[in-house]
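The values are calculated or read from the model by the stated rules, or taken from the named source; none is laboratory data. Being a predicted model, the structure only gives us computed values, none of them experimental. Cβ atoms come from the backbone with ideal geometry, glycine included; neighbour counts cover every protein chain shown. Ligands, DNA and RNA are excluded from the accessible area calculation, which covers all protein heavy atoms including side chains. Shrake-Rupley method; radii C 1.70, N 1.55, O 1.52, S 1.80 Å.
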Amino acid sequence: MRAAEFVESYFEAWNHRDPLAVADHLASNGIYCDVPEQSHHAHDELVAYLREFFAENRHQYRLVGDLLASEHTIAFQYEILPGTGEPAHAPGEHLRGAEFITLHEDAALSIVDYYGVAERKVPSDLARITSQAIRTRKYAKSGLSHEQMAKYRDRLDRIMQSQQLFLHPDMTLPRLAAAVGCSVNHLSQVINAGIGTSFFEYMNRYRVAYARELLSSPEGQSIPILSIAFTVGFNSNSAFYAAFKKCVGQTPAQYRKQKR
């Protein structure tokens with residue numbers, strides 16, 4: 001897919017407020033990095049995040065200036081326009097953003113998004129930003145040593161196994177940090193930089209592992225899959241299927257049938 005076609009399809013997905021269509025521009029291991037929010041999302045997390053975002057925002061987006069592209073990279077700037085029923089921006093205030101995308105074949109390995117008011121200059125070195133660089137900059141001043149990170153990680157793993165906090169569908173990063181006895185920022189660093197995943201993926205790994213135990217057990221053969229999804233901490237059957245297939249490579253039904 002040519003760069004222009006990729007960007008046209010990408011803008012169309014945003015302007016139709018279609019979370020799945022936006023996320024489908026990512027490769028299977030792709031990451032969307034939100035620089036101002038200091039967060040990154042894999043495919044399923046981005047879908048969940050955008051569902052909430054689009055429910056509250058009806059912005060439209062359009063390309064500004066030239067599209068810069070090489071064999072494996074795309075960079076461009078865009079303007080954020082008020083959607084139908086939204087108040088216009090204040091006079092002289094134009095919301096702008098810029099994205100740098102690294103590609104593998106027809107999908108994005110990373111999408112780095114930087115946005116803000118036009119007067120705030122977009123970094124000229126945006127093309128050199130990577131998800132690893134973002135994580136490094138994000139935690140550069142956290143003060144968390146390698147020894148303390150290892151200590152928090154061990155404590156986190158013990159608590160997750162002994163208390164099974166992943167069974168709570170409303171578990172949040174702040175609540176988990178309180179259980180571990182550390183700050184939210186430090187726990188975020190442990191999970192993102194230390195374990196190399198996101199909070200949602202970390203929780204889902206435990207949920208899927210427990211689901212595999214239930215699906216493999218004699219008792220679990222007769223339990224409806226939807227019940228298992230809720231039992232292990234998922235809020236919906238679709239989220240359970242997506243996470244399970246991502247971790248296992250099979251649907252829950254296929255996995256259970258194989259274990260009979």
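For segment 85-93, state whether one or more residues are surrounded by 11 or more Cβ atoms within 10 Å (Cβ to Cβ) and modelled with pLDDT of 60 or more. Checking segment 85-93: not a single residue is surrounded by 11 or more Cβ atoms within 10 Å (Cβ to Cβ) and modelled with pLDDT of 60 or more. Checked against (1) under 14 Å from residue 153 (Cβ atoms); (2) without any contact (Cβ under 8 Å) to a residue 60 or more places away in the chain, residue 211 meets all criteria but (1). Residues in segment 172-182 that are surrounded by 16 or more Cβ atoms within 10 Å (Cβ to Cβ) and either of a type in the set (D, E, K, R) or not in a helix (DSSP H, G or I) (or both): 1 in all.
Against the definition (at pLDDT below 90 and either more than 29 Å from residue 227 (Cα to Cα) or surrounded by 13 or more Cβ atoms within 10 Å (Cβ to Cβ) (or both)), how does residue 151 come out, yes or no?
Considered against the rule, which asks whether it is at pLDDT below 90 and either more than 29 Å from residue 227 (Cα to Cα) or surrounded by 13 or more Cβ atoms within 10 Å (Cβ to Cβ) (or both), residue 151 comes out as no.
Considering segment 26-69, and only residues there that are open to solvent by less than 40 Å² (accessible area, probe 1.4 Å) and of a type in the set (Phe, Trp, Tyr), the residue that is nearest to residue 186 (Cα to Cα) turns out to be 32.
Restricted to segment 1-39, and to residues there that are touching a helix residue (DSSP H, G or I) at 6+ places or on another chain (Cβ under 6 Å) and either of a type in the set (Val, Ile, Thr) or farther than 21 Å from residue 68 by Cβ (or both), the residue that is modelled with the lowest pLDDT is 38.
Among the residues of segment 70-81, those identified as surrounded by fewer than 19 Cβ atoms within 10 Å (Cβ to Cβ) and either polar (S, T, N, Q) or closer than 17 Å to residue 239 by Cβ (or both) are 70, 73.
Checking residue 105 against (1) at pLDDT 85 or above; (2) under 19 Å from residue 5 (Cα atoms), which test does it fail? Condition not satisfied by residue 105: (1).
Here are some residues: 7, 22. Which one is open to solvent by less than 20 Å² (accessible area, probe 1.4 Å) and over 14 Å from residue 109 (Cα atoms)? Full working, then the answer.
Working: 22 fails: over 14 Å from residue 109 (Cα atoms).
Testing whether each residue is open to solvent by less than 20 Å² (accessible area, probe 1.4 Å) and over 14 Å from residue 109 (Cα atoms) leaves just 7.
Assess whether residue 46 counts as being aliphatic (A, V, I, L, M) and touching a Pro at 6+ places or on another chain (Cβ under 8 Å).
Working: aliphatic (A, V, I, L, M): yes; touching a Pro at 6+ places or on another chain (Cβ under 8 Å): yes.
Spelling it out, residue 46 is indeed aliphatic (A, V, I, L, M) and touching a Pro at 6+ places or on another chain (Cβ under 8 Å).
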